[in-house]
1. Just wondering, is there one or more residues in segment 58-70 that are without any contact (Cβ under 8 Å) to a residue 24 or more places away in the chain and either in contact with a Pro (Cβ under 6 Å, 6 or more places away or on another chain) or not β-branched (Val, Ile, Thr) (or both)?
2. Give segment 113-128 a look and list any residue that's closer than 21 Å to residue 173 by Cβ and crowded, with 23+ Cβ neighbours inside 10 Å, or say none.
3. Being touching a helix residue (DSSP H, G or I) at 6+ places or on another chain (Cβ under 8 Å) and aliphatic (A, V, I, L, M) is the filter here; which residues of segment 56-96 pass it?
4. Count, please, the residues in segment 129-154 that happen to be farther than 22 Å from residue 79 by Cβ, surrounded by 24 or more Cβ atoms within 10 Å (Cβ to Cβ) and among the β-branched types (Val, Ile, Thr).
5. Of all residues in segment 168-184, how many are in contact with a helix residue (DSSP H, G or I) (Cβ under 9 Å, 6 or more places away or on another chain) and buried (at least 24 other Cβ atoms within 10 Å of the Cβ)?
6. Of these, 97, 140, which one is at pLDDT 95 or above and touching a Cys at 6+ places or on another chain (Cβ under 9 Å)?
7. What is the residue count in segment 132-153 for residues that are part of a strand (DSSP E or B) and in contact with a Phe, Trp or Tyr (Cβ under 9 Å, 6 or more places away or on another chain)?
8. Does at least one position in segment 146-157 carry a residue that is closer than 30 Å to residue 26 by Cα, under 17 Å from the mean Cα position of the chain (by Cα) and modelled with pLDDT under 95?
Amino acid sequence: MKNVLIFGASGHGSVVLDCLERSEDYQVVGFIDSYIEKGTKKFGYQILGTEKELPDIFEKFTIYGGVIAIGDNWIRRQMAERILRIVPNFKFVSVIHPSATIGKGVKIGQGCVIMPGAIINANARIANHCILNTRASLGHDGVMENYSSLAPGVCTGGYMHLGCGSAISLGSKVIENIRIGSESIIGAGSLVLKNIPDLVLAFGNPAEIIRSRMEGEPYLGKNKFSQPTLFSLDNTGS
């Protein structure tokens with residue numbers, strides 16, 4: 001089995017760990033986290049340090065690669081870019097829970113997390129570092145661009161296109177042939193009946209644009225960063 005790391009020891013990290021522990025290909029060595037003291041135990045594994053310590057950790061544990069367990073799409077992107085600056089040939093592995101259903105002709109990129117009960121229907125294409133959360137469903141021929149995500153219970157119709165960095169929140173539904181732009185957020189429990197442009201927050205039944213948003217603006221509850229302009233790569237969260 002190949003030794004891998006999990007970046008981020010939050011609750012999301014525990015679900016990623018559960019997926020990896022069920023894998024026959026990967027062995028979890030420990031967590032990388034910037035906010036928890038090195039040597040602390042989380043979910044039965046040690047915090048091995050921060051991403052800055054990756055070269056030493058690679059040498060010590062013969063690391064094959066790893067996965068980023070950070071729910072916020074923008075922060076996950078920042079972390080991926082930082083890792084590649086530190087370890088240019090880092091291998092991002094994709095994690096698929098055994099209860100997930102993957103249809104015929106589906107293509108999944110690097111660093112993706114497919115959680116319990118998720119369904120990816122035929123001919124869908126998922127780019128890199130995407131998340132399909134618990135019981136989320138991506139319709140046939142759907143597309144998820146890099147760093148996009150479907151929250152638990154999301155259901156999308158066929159040919160849906162989700163732009164880079166965009167997120168569809170808890171329990172929302174999207175009808176067929178809908179295009180959602182980049183860095184946009186669909187609020188929880190929404191019903192999307194028309195295309196959504198870049199960099200907006202849309203919410204409701206039917207979903208309507210509520211306001212514009214800034215690139216990198218936090219959207220998950222209790223996010224560590226209140227202002228995207230204050231974000232520092234030295235403070236990448238989990």
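The values are calculated or read from the model by the stated rules, or taken from the named source; none is laboratory data. Treat the numbers as computed from the prediction; the structure is a model and nothing was measured. When we count neighbours, we look across all protein chains shown, and the Cβ atoms used for this are built from the backbone with ideal geometry, even at glycine.
1. yes
2. Hits for segment 113-128 are 114, 115, 118, 120, 124, 126.
3. Across segment 56-96, the qualifying residues are 63, 67, 68, 69, 70, 79, 83, 86, 87, 95, 96.
4. So the count comes out to 1.
5. Of the residues in that region, 0 qualify.
6. Sole residue among the options that is at pLDDT 95 or above and touching a Cys at 6+ places or on another chain (Cβ under 9 Å): 97.
7. 1
8. No, segment 146-157 has no match at all.
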